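The values are calculated or read from the model by the stated rules, or taken from the named source; none is laboratory data. If you're wondering where the values come from, they're calculated on a predicted model, not measured in any experiment. Here the Cβ is made from the backbone with ideal geometry for all residues, glycine too, and neighbour counts use every protein chain on show. The protein model used for the area step is the full one, side chains on, heavy atoms only, and it has no ligands, DNA or RNA in it. Shrake-Rupley method; radii C 1.70, N 1.55, O 1.52, S 1.80 Å.
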Amino acid sequence: MTNLQDQYQRPLRDLRISVTDRCNFRCRYCMPAEVFGPDYAFLPSAKILSFDEIERLVTIFVSLGVKKIRITGGEPLLRRDLPTLIERIHQIEGVEDIALTTNGTLLKKYAEPLAKAGLSRVSVSLDSLDNERFFEMNGQRGKVSTVLEGIEKAAEAGLQVKINMVVQKGQNDQDIVAMARFFKEKQHILRFIEYMDVGNSNGWRLDDVVSKREILDQVQQFSSLQAIAPNYKGEVATRYQYQDKQGEIGVISSVTDSFCSTCSRARLSAEGTLYTCLFATAGTDLRELLRTGQDDAMIRQHIAHVWGDRTDRYSDERNEQTRAKRQSVKIEMSHIGG
Ligand code: SAM
Ligand code: SF4
Ligand code: SF4
């Protein structure tokens, strides 16, 4: 066991691994079609970490305190033989939990082999139950029914299922109640995600964010909610139980109520770059170390230094700035008023 901590005493516990930069959707808030068009240069396969390389890095990360692995992308189910990778990670001593985030389009096909390989949990992204609005949001690529079939298959295969809905003002905020009702009925936990300013291409504006408060107000139109304790320290979603105790929802409120102080997540991109924050502007190239014959001890030391130096708290800082801006507006107004 290691007591590696960053500059704010946060341990390294979770590793999110992107296994591909490609996707069969073009969600406007993530990979808008105007930017990720037919000429977009995705990574050639030689630049993407192989399963051997991922397995080796996971073993090193586990020796530094990582217990949970989440596989993501791009769309991770586009990566060939993904169940084989899950099986290899599952066999690494110290890995306590493997989860997957997916848009669900290929889940019907892969749910069973993934569960057999040792996957425990799946988060399926679905932004609306209305085909037209879903189509509009995912770049005209996927149908609601395909995703719902994938969700059913995942549950049948014994995977724990959660649904992720990114809420964008004027796009799908009208679907909040319908989604809550539907997944309460289905007994799947629905997590609302505040639209975030990730990347550089989604044209994010604070005005397009539907806040946690607004989301909760809408859900409470059909059932009152009670806040419940997190399952573990650092859980990203705040949890709420329905009044009849039949089911719960979560809200991931990185914009209006950030949670950097407990952030124990590192991210590994498809080409093997380590990022210590979702909003990082630079990372550390681990692929270079792997491919130039460095031994595990050296790579481990390198990662430990990067984590030890970590000072990321992007969302907290963004919130502080927003608050400061609001306060300065207030002062001006009172001057005018006086
Ligand atoms: N393709 C998979 C999927 O959509 O689930 C996995 C990768 S996707 C980048 C991971 C999660 O990030 C999804 O739940 C997606 O909705 C969410 N996401 C992407 N862009 C976002 C944004 N700008 N704000 C909030 N969440 C976002
Ligand atoms: Fe693809 Fe997921 Fe991004 Fe949508 S959110 S474009 S499904 S990677
Ligand atoms: Fe963690 Fe960065 Fe998100 Fe804060 S902004 S919770 S440090 S990933």
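Using the structure shown, list the pairs from Lys162/Lys245; Lys108/Lys186; Lys184/Lys233 with a Cα-Cα distance above 19 Å, or answer none. Going by Cα-Cα distance, Lys184/Lys233 fall outside the 19 Å limit.
Straight-line reach from Lys116: taking Cα to Cα under 15 Å and skipping same-chain neighbours fewer than 8 places apart, the aspartates and glutamates in range are Asp81, Glu87, Asp97, Glu156.
Under the criterion of Cα pairs below 8 Å and six or more residues apart, the relative contact order for region 1-95 equals 46 percent. Annotation: lysines with alpha-carbon distance below 20 angstrom to Lys169 (same-chain offsets under eight excluded): Lys212.
Taking 10 °C and 1.306 mPa s as conditions, the chain diffuses translationally at an estimated 75 µm²/s according to Stokes-Einstein applied to its Kirkwood radius (Cα pairs). Name the long-range amide H neighbours of Arg141: under 5 Å, sequence gap of 5 or more, or other chain; modelled H, no Pro or chain starts. For Arg141, the qualifying residues are Arg26.
With the simple model of a label 7 Å out from the Cα in the direction of the Cβ, Tyr8 to Asp130 spans 3.7 nm.
Remark: spin-label model distance Arg323-Lys47 equals 4.0 nm, labels positioned 7 Å along the Cα→Cβ axis.
In order along region 283-288, the phi-based Karplus estimate (6.51 cos²θ - 1.76 cosθ + 1.60, θ = phi - 60°) of 3J(HN,Hα) comes to x, 10, 6, 8, 4, 4 Hz; Gly and Pro are listed as x. Expressed as a whole percent, the accessible area of the chain that falls on carbon and sulfur atoms is 47 (1.4 Å probe). The trypsin sites (Lys or Arg not before Pro) found in region 79-113 that occupy coil by DSSP, while having at most 13 further C-beta atoms within 10 Å, are Arg80.
Relative contact order, whole percent, for region 14-336 stands at 17, derived from Cα pairs under 8 Å and 6 or more residues apart.
Legend: Rg and Dmax of region 1-82, from Cα coordinates, 15.9, 47 Å.
Amide H contacts of Arg22: Glu75, each under 5 Å away and 5 or more positions distant or on a separate chain (H built 1.01 Å from N in the peptide plane; Pro and chain starts excluded). Counting only Cα atoms, the size of region 113-242 along its three principal axes is 44, 37, 29 Å, in decreasing order. Per the Debye calculation on region 260-305 with a single equal scatterer at every Cα and no solvent contribution, log₁₀ I(q)/I(0) for q = 0.16, 0.28 Å⁻¹ amounts to -0.46, -1.09. The listed peptides 310-319, 97-106, ordered by packing as a protection proxy, come out as 97-106, 310-319 (highest mean of other Cβ atoms within 10 Å first).
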